[in-house]
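Engineer: Take a look at the following structure, please.
What follows draws every value from the coordinates through simple rules; no lab data is involved. Here the structure is a predicted model, which means the values were calculated and not measured. Because the Cβ atoms are built from the backbone with ideal geometry, glycine has one as well, and the counts that use them run over all protein chains shown.
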Amino acid sequence: MRTFAKVTGTTLLAAVLFGFAGMSGVADAAEAPITPPAGDATVSTDPQATAATYYGRQFTITNKSSKPLTVTSYRNEFTMPNSEDKTAFPTAHNELPPVGSVVAPGAQIAFQISWEYGYNNNEYVTFSSGWGDTYTARLQVASMVAWTQQNSWASTVGTHLAHTENGDQLTVLDAANTVINVPAADTAEQSTVLNTWCTSGVATCVFHPTSQQPMMSEPHNVANIPEIKNGTLDNMTRLVEISDTQGTSNNLEINASVTATILDVVEASLSVTYGQTWTQTHEFTDSQSITVRPYHVAWVVGETPIIRTTGDFDVTMGNTTWKLHDATFDAPNLNGRASFWFKDREMTAEEIEKSKKFALLEAARQAELGPDAPSAGASTG
């Protein structure tokens, strides 16, 4: 099995054996557009190469467009140093991802192009874009007697893509100033954009608040206060200590792994725009007396004060900006006052039956322990 050794930088490979004669030439001049030569791709298929070592140079193509790229074809050709002249050539020993490989937005794909002594090894790779455009890159390892150099060129067919080349690093982008507007009604797409890019390391996420409104949360059962059941024939009065924690919420479906980053982005924008320190959680408390009717169940309902912030996200990668309109974030309003009240319902037949059994057991316990024994309390049903 052959070995493929990656070489980085402009590399002296044979100076000891051959000296530096003939090193005055430079690689092929840039060209545009690229037209891949006719014929099939030449990949690493040399049957005589099983014991050989081939020195390769890596090229990386980064997809900073908003659509996936798919490898559709390869073409290979050799040219002579300092010219585009072609002659009898060796077999290329390139390491190439298979046709059909997909490069998602924000992802990279790598190619190993072999150094072939005395020749310029050119590999053409063509991609289709989700826009319907095509992108073709020419990856060249240029070789004189004792050195190699990496060169790259690219071209596109269509109007939606742009590209940059810097030696072994190539980037595909959307056309300059591409803006993708995502309306407030499309919360699923807004969520996807934030979840995909805001912790990706290849995009920036900025929040622009446009308004704030103090309001009350939706009425909700106070979860940490258990139901109060009165399974007796008399009214039952209790003093209830109420606590209700209000956290932050939003109208999107943000993954847990991204939530902290998004909240930090929002908090930073509120500090700049409104001079606010955002409180993400706060506990509201109260103390109230409640009278529960015979054979009824009561529970606590509450509304907590919040501040609703509405604004737009700008998520930018390369030439592309997603504008997410009218996202909303709710946070506790420390200057507001919570409102709590009680609701009740009749006990079910099963709950009443349990209460009666409890009353009989309690009466028996009291008779056994005496009149001074503490009561177990009203039945909880």
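Engineer: ³J(HN,Hα) across the stretch 112-125 via Karplus (A = 6.51, B = -1.76, C = 1.60, θ = phi - 60°), whole Hz, x for Gly/Pro?
Structural biologist: Each residue of the stretch 112-125 in turn: 9, 10, 7, 7, 10, 3, x, 10, 9, 8, 10, 10, 9, 10 Hz.
Engineer: Could you go through the stretch 170-183 in sequence order and give the Karplus-derived ³J(HN,Hα) for each residue, using 6.51 cos²θ - 1.76 cosθ + 1.60 with θ = phi - 60°, rounded to whole Hz, and x for Gly and Pro?
Structural biologist: The phi angles translate into 10, 9, 9, 10, 5, 4, 3, 6, 6, 10, 10, 8, 10, x Hz.
Engineer: For Val240, list long-range residues whose amide hydrogen, built 1.01 Å from N in the peptide plane, is under 5 Å from its own amide hydrogen.
Structural biologist: Counting only residues 5 or more places away or on other chains, the set is Gln288, Ser289, Ile290.
Engineer: If the chain between Gln213 and Val272 were fully stretched, how many nm would it gain, using 0.36 nm times the residue separation less the Cα-Cα distance?
Structural biologist: 19.5 nm
Engineer: Please list, in order along the stretch 130-136, the HN-Hα scalar couplings obtained from phi with the Karplus expression 6.51 cos²θ - 1.76 cosθ + 1.60 (θ = phi - 60°), rounded to whole Hz, x for Gly and Pro.
Structural biologist: Each residue of the stretch 130-136 in turn: x, 6, x, 7, 10, 10, 10 Hz.
Engineer: Going by the alpha-carbon gyration tensor, a ≥ b ≥ c the square roots of its eigenvalues, is the stretch 265-379 rounded (a/c under 1.5) or, if a/c is not under 1.5, prolate (a/b greater than b/c) versus oblate?
Structural biologist: prolate
Engineer: Still on this structure, I have one more. May I ask you to compute the full-extension gain from Ala175 to Thr281, defined as 0.36 nm times their residue separation minus their alpha-carbon distance, rounded to one decimal in nm?
Structural biologist: Contour length minus the Cα-Cα distance gives 33.9 nm.
Engineer: Within the stretch 294-348, report the trypsin sites (Lys or Arg not before Pro) that DSSP leaves as loop and that have at most 14 other Cβ atoms within 10 Å.
Structural biologist: Taking the stretch 294-348 and a limit of 14 other Cβ atoms within 10 Å, the loop trypsin sites (Lys or Arg not before Pro) found are Arg337.
Engineer: Express in whole angstrom the spacing between the alpha-carbon centres of the stretch 234-303 and the stretch 113-129.
Structural biologist: 61
Engineer: With +1 on the Cβ of every Lys and Arg and -1 on the Cβ of every Asp and Glu, and nothing else charged, how large is the dipole of the stretch 180-347 about its Cα centre, in debye rounded to the nearest 20?
Structural biologist: Magnitude of the dipole: close to 260 debye.
Engineer: While we're here: Two decimals is fine: what's Rg over Rh for the stretch 239-320, C-alpha atoms, Kirkwood radius as Rh?
Structural biologist: Radius of gyration relative to Kirkwood radius: 1.17.
Engineer: GluC sites (Glu not before Pro) within the stretch 230-328: which are DSSP loop residues with at most 15 other Cβ atoms inside 10 Å?
Structural biologist: Listed in order of number, the matching sites are Glu253.
Engineer: Starting from the Kirkwood Rh over alpha-carbon pairs, what translational D in µm² s⁻¹ does the stretch 171-250 have by Stokes-Einstein at 20 °C and 1.002 mPa s?
Structural biologist: 114
Engineer: Would you compute, for the Cα atoms of the stretch 180-347, the largest minus smallest coordinate along each principal axis and list the three values in descending order, in whole Å?
Structural biologist: Per principal axis, max minus min of the Cα coordinates gives 74, 31, 24 Å.
Engineer: Further question: Sequence-distant or interchain residues sharing an amide H contact under 5 Å with Trp115, placed H: which?
Structural biologist: Here the answer is Tyr55, Gly56, Arg57, since their amide H atoms fall under 5 Å of that of Trp115.
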